[in-house]
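Visitor: Got a structure here, written out as structure tokens. Questions coming.
Just so it is clear, none of the values below were taken in a lab; they were calculated from the coordinates. As the structure is a computational prediction, the values presented were derived from the model and not from experiment. For neighbour counting, all protein chains shown are included, and Cβ atoms are generated from backbone atoms with ideal geometry for every residue, glycine included.
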Amino acid sequence: MPPRLAERVAKWLLPPERADEMAGELEELFAHRVERDGRAAAARWYYRQLASFAWRFGALRFRAPPPETVSRDARHALRTFARSPGFTAVAVVTLALGIAANVAVLSIVRQVVTRPLGYFEEERLVRVWPEHHFTRSRFEAFREDAQSFEKFSAYVHNALTLTGEGAPEVVRVLEVSDGHFETFGVVPIHGRSLHASDTLPGAEAVVVLSHELWANRFGGSLDVLGSRVALDVGRTVVGVAPPGFRPRGQREDLWIPLLFDRDDDSYTHMANLGVAARLAPDATRQGAREELVALAENADPPIYTLDEVPTYTIAPYRDDLVGRVRPTLTLVVASTALVLVLCGVNLTNLLLARGVARRQELAVRAAMGARRGRLIQQLLTESTVLGLGAGAVGVGLVWWLGPWVLDQIREDLPRSSPVLLEPGMVVLGAVLSVVASVLVGLVPALRLSAADGGPQSGRASAGRASRRWSHGLVAVQIALALTVVASSGLLLKSFWRLRGVPTGFDPDNVISMRLSPSELDYPEEGRRRQYFEAVLSALEASPVVARAGAIQILPMTAGSMAVGYSPTGAPVPAGEAPPMASYRVVTPGYREALGVPLVEGRDLSESDRAGVEAVGLINERLARELSPASTAVGRTVRFENGEPWFRIVGVVADIHQHRLEDEARAEVYVPLAQDSWPSSMSIVARLDGDGSDRGFEELRAAVWSVDRNVAITRVQTMDAVVGRSMHGRRLRAVLFASFAFLSFVLSAVGVYGVTAHAVRGRTREIGIRMALGATRGRVVRETLLAGLRPVAAGLVLGVLVANLAARGLAGFLFEVRTTDPGIYGAVALLIGLVAVVAAYVPTRQAVAGSPVEMAAPDS
Amino acid sequence: MGRASLGEFEHQVLLTVLRLGGQSYSVPIVLELESCTGKEVAPAAVYIALQRLEKRGLLSSRLTKGTKRERARRYFKLRADALARLRDSRDSFNRLWDGLEPLLEEK
């Protein structure tokens with residue numbers, strides 16, 4: 001016997017007048033196959049043949065309906081929909097939401113991940129990562145010797161203050177080695193790019209402007225070439241980059257030459273160096289990697305110890321740029337697809353329920369000679385009209401809301417994405433809506449046009465098959481809804497868990513802002529230091545400020561500085577990567593202002609100044625590493641080469657440096673007064689009581705009372721800083737919560753529709769039973785139970801499916817297991833309750849009338 | 001459409017019916033076709049070919065009543081026209097083949 005399911009499918013697909021003989025003969029052939037190839041192969045063959053029957057006979061039967069019938073059907077469909085605006089609105093909105101979500105998400109994927117970066121022979125562009133960091137000599141040796149690369153260039157991110165005409169402005173700077181523009185195959189549209197001679201000591205300081213900065217700040221005038229602008233030093237403008245050149249995906253304002261410190265060849269010095277390279281025309285990434293390894297192994301003097309194997313990662317440049325969002329986007333694509341399926345299932349069910357109400361109309365048409373194919377065509381035209389309408393609404397939604405959504409997530413995207421709705425995406429929307437509407441309409445069309453639904457059959461039996469379908473679809477819908485809701489539950493719980501993680505400091509009532517005094521106005525470090533000290537005293541004098549301090553890199557923001565240290569006190573052997581401590585320059589008020597507990601020893605004080613012994617604080621983590629047994633206070637922290645760095649005067653609590661989910665790492669705090677190169681600092685001010693509304697005005701006035709020419713940027717409360725560090729996670733949680741809400745609504749609508757339809761069909765039966773003495777309560781109970789059976793099946797199925805789906809989520813969860821029983825239980829309960837209510841409402845209505853009226857035959 | 005030429009597959013189906021004694025139903029036809037051509041043959045394609053040949057008057061068919069032990073089958077039988085067509089096509093092919101064998105020898 002062929003598979004049972006397949007046989008059923010066959011009954012449908014085969015042309016009705018010959019279905020019997022064909023099914024019989026197929027079965028015979030199937031038996032031959034089983035004997036020859038085995039059962040599994042035969043079953044596969046059978047399904048293949050069904051597809052071939054569907055294709056060949058379907059094509060024969062539906063071959064090119066004349067255009068006038070199609071347009072007549074479409075007009076008829078429009079009239080039918082106009083008659084039931086409620087149904088039409090629900091149906092269109094359901095599908096439109098699904099299509100809009102998918103078009104938007106696929107647009108973003110296309111714009112961010114798959115769209116080429118637009119550089120010349122982009123496939124040769126790569127990013128090169130060494131196992132640890134590059135050293136200067138290593139980078140230069142590779143640039144000279146590696147044959148696999150046509151260009152090999154380095155860059156470092158920086159931010160500087162641009163002063164001069166207009167308000168001081170903090171600009172994003174890329175310090176680049178020569179060959180940077182050439183690596184990307186980009187030529188400045190005006191002037192020249194940066195040459196090797198620009199990077200030599202003593203060369204004239206130069207700058208290349210971005211097209212945007214040139215247009216906005218310098219009015220797009222060519223006079224700017226050769227003029228001097230005030231940056232870290234006065235720099236001569238030598239070129240303007242072409243518009244849209246964003247080598248790191250985000251906006252860059254200007255490019256300056258990267259000057260290597262000839263005296264420092266440590267890892268630390270190059271810790272923030274990125275390397276972008278262009279492979280030689282015939283080189284492969286594999287070959288290039290092997291060449292780098294060979295060069296590193298044969299280096300003289302050796303840079304690796306014998307038991308170390310140098311490794312290099314060479315990734316396609318685009319992957320490096322967009323790789324980090326790929327897991328999230330994959331997740332989002334999968335879940336939006338699931339939502340579309342859910343919408344489709346819901347709509348199928350709506351159409352089935354509605355179709356049963358239209359039986360009479362179809363029966364009349366059949367009686368007047370319409371063949372089944374004709375009816376199917378009519379019904380499919382209807383669902384396609386519906387689908388196209390939904391597609392138009394969906395694309396409209398993307399057009400309307402897309403820019404807003406894009407704004408919300410812009411910070412989470414690695415590339416700017418200028419166009420959301422390309423023409424191709426509109427086409428995709430149209431294709432999606434046609435495919436979805438045909439799939440959605442197929443089951444109802446086949447069911448409703450089926451022989452047992454014809455005029456000769458009684459209502460009861462006709463309803464039963466449809467009801468089976470409806471129930472099956474409700475189960476599927478509930479299962480899908482549970483999958484989506486449980487997934488979002490897991491993500492929300494992770495988010496919630498993460499919010500509960502102590503930051504290690506007290507972010508309430510703390511405002512931070514970044515001050516970048518121009519290196520032109522403050523060329524000497526002493527003056528910069530004095531500037532910050534003056535600002536801090538002005539702040540502390542302000543009535544709203546309780547305590548103020550400064551730190552050069554704010555916690556919970558990207559960006560870090562790390563220094564290699566010696567864990568034992570002895571120099572770390574040459575070639576061995578030293579352990580790194582993240583290193584922050586602070587002022588004495590910082591710890592109290594941010595509320596980081598002091599665990600041991602003393603805080604930094606005003607007397608820790610240049611000229612006296614170098615001191616610093618370390619965190620608990622580093623204290624455990626340096627002296628696990630006894631107190632670390634009083635010991636000396638040494639650099640990787642064994643030279644003393646500073647004496648530990650206190651130990652502070654661990655705080656999360658970047659993200660809440662990362663463990664605290666080794667960290668040192670050194671006083672600004674003793675640091676050799678103070679630059680930009682973030683001010684951290686703890687406000688008195690509830691001064692936060694007036695707070696910012698007061699702070700700005702205090703800062704500008706010292707120097708009106710310093711740009712104030714990134715003003716934010718510490719709460720917001722902490723919140724932003726969870727941005728991606730919040731985005732996922734919010735996205736999934738909205739999917740979950742949608743799924744809830746859809747499944748409620750589905751259960752309601754099916755129950756309402758089922759009880760409406762049974763009004764007479766219910767009336768008769770009540771007339772015969774059944775109580776309302778009993779009828780309600782029994783009807784409810786019957787209606788909820790598929791819900792129960794769906795819940796069980798859903799827990800299984802959701803569990804499988806949750807495995808894909810594992811990487812996004814934080815301290816939540818994919819099998820968290822609480823989530824599944826709560827979600828199942830919630831969906832169950834929604835279903836009970838959705839089923840109860842129509843049931844209650846059905847038994848509200850008088851039994852006599854209900855039992856009366858249809859008028 | 002009377003003299004419209006036979007498609008290659010229709011040709012094969014007709015020959016197969018002839019091989020099966022001039023009368024058969026789809027199952028043996030499919031199996032015989034598969035064993036002669038050495039390729040998997042889709043029953044749906046055979047059905048379509050049989051239908052078309054019947055429409056063109058080259059085959060006639062009758063449906064046997066299904067019984068408990070055996071389901072309904074549609075038997076196809078070659079009509080006189082079909083034999084004439086097969087003969088014609090063989091003759092024209094033979095004339096085309098005439099004298100070509102040496103050219104096909106593997107060198």
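Visitor: From the phi angles alone, apply the Karplus equation (6.51, -1.76, 1.60; θ = phi - 60°) to the range A:822-831 and give each ³J(HN,Hα) in whole Hz, x where the residue is Gly or Pro.
Guide: Here the 3J(HN,Hα) series is x, 4, 5, x, 5, 5, 4, 4, 4, 5 Hz.
Visitor: For peptide B:41-53, how many partner chain Cβ atoms fall within 10 Å of a residue's Cβ, on average?
Guide: For this peptide, the per-residue mean of nearby foreign Cβ atoms is 4.
Visitor: What FRET efficiency comes out for A:Leu772 versus A:Gln845 if R0 is 22 angstrom and r is the Cβ-Cβ distance? Round to the nearest 0.05.
Guide: Efficiency, from the Cβ-Cβ distance: 0.55.
Visitor: Which GluC sites (Glu not before Pro) from the range A:609-710 combine a DSSP loop assignment with at most 14 other Cβ atoms within 10 Å?
Guide: Loop-located and lightly packed - A:Glu613, A:Glu663.
Visitor: Going by Cα centres, the range A:596-634 and the range A:823-859 are how many Å apart?
Guide: 69
Visitor: Related question: Shape call for the range A:754-797 from the C-alpha gyration tensor, a ≥ b ≥ c root eigenvalues: rounded (a/c under 1.5), prolate (a/b greater than b/c) or oblate?
Guide: Oblate is the answer for the range A:754-797, as a/c is 1.5 or above yet b/c matches or exceeds a/b.
Visitor: In nanometres, what is the gap between the two model label sites at A:Thr284 and A:Gln530, each 7 Å from Cα along Cα-to-Cβ?
Guide: A separation of 6.3 nm, rounded to one decimal place.
Visitor: While we're on this one: Using Cβ counts within 10 Å as a stand-in for footprinting exposure, how do A:Lys493, B:Lys77 rank, fewest first?
Guide: Going from least to most buried by this count: B:Lys77, A:Lys493.
Visitor: Helix A:776-807 sits at what angle to the longest principal axis of chain A, using alpha carbons and giving 0 to 90 degrees rounded to 10?
Guide: Here the helix axis deviates by roughly 40 degrees.
Visitor: Please sort B:95-101, A:496-502 by packing, taking for each peptide the average over its residues of neighbouring beta carbons within 10 angstrom, highest first.
Guide: The most tightly packed comes first, giving A:496-502, B:95-101.
Visitor: So what's the net charge close to A:Arg44: Lys and Arg +1, Asp and Glu -1, counting the other residues with Cβ under 14 Å from its Cβ?
Guide: Every neighbour counted, the sum reads +2.
Visitor: Hey, another quick one. Gain in length, A:Ser137 to A:Leu222, computed as 0.36 nm per residue apart minus the alpha-carbon separation, to one decimal in nm?
Guide: 26.8 nm
Visitor: Work out, step by step, the length gained on full extension between A:Arg248 and A:Ser705: first 0.36 nm times the residue separation, then minus their alpha carbon distance; give nm to one decimal.
Guide: Fully extending the segment from A:Arg248 to A:Ser705 adds 160.8 nm.
Visitor: Taking all pairs of different Cα atoms in the protein assembly as shown, averaging 1/r and flipping that mean, what Kirkwood radius in angstroms comes out?
Guide: So the Kirkwood estimate lands at 35.2 Å.
Visitor: Run the quick spin-label model on A:His157 and A:Ala315: label points 7 Å from Cα toward the beta carbon, then report their separation in nm to one decimal.
Guide: Spacing of the two 7 Å Cα→Cβ label points: 1.4 nm.
Visitor: Quick one: dipole size for the range A:273-383, taken about the Cα centre, charges +1 on Lys/Arg Cβ and -1 on Asp/Glu Cβ, in debye to the nearest 20.
Guide: The calculated dipole for the range A:273-383 is roughly 1780 debye.
Visitor: Here's another thing I want to ask about it. Cut-off is 10 Å between beta-carbons; in what order do A:His471, A:His180, A:His157 appear when sorted fewest neighbours first?
Guide: Least to most surrounded, the residues fall as A:His157, A:His471, A:His180.
Visitor: Could you check the spin-label model distance between A:His658 and A:Met368? Points 7 Å from the Cα along Cα→Cβ, value in nm.
Guide: The two pseudo-label positions are separated by 7.1 nm.
Visitor: What is the distance in Å between the Cα centroid of the range A:337-365 and that of the range A:494-559?
Guide: Value for the Cα centre distance between the two parts: 61 Å.
Visitor: Here is a follow-up. For A:Ala159, which sequence-distant residues (separation of 5 or more, or a different chain) have an amide H within less than 5 Å of its own amide H, given hydrogens modelled in the peptide plane?
Guide: Under 5 Å from the amide H of A:Ala159: A:Val173.
Visitor: Determine which residues of the range A:81-107 fall in the zone a paramagnetic label at A:Glu361 would reach in this model, i.e. backbone nitrogen under 13 Å from the point 7 Å along Cα→Cβ.
Guide: A:81-88
Visitor: Any idea how far the Cα center of the range B:35-70 sits from the one of the range A:185-262, in Å?
Guide: The two parts, judged by their Cα centres, are 79 Å apart.
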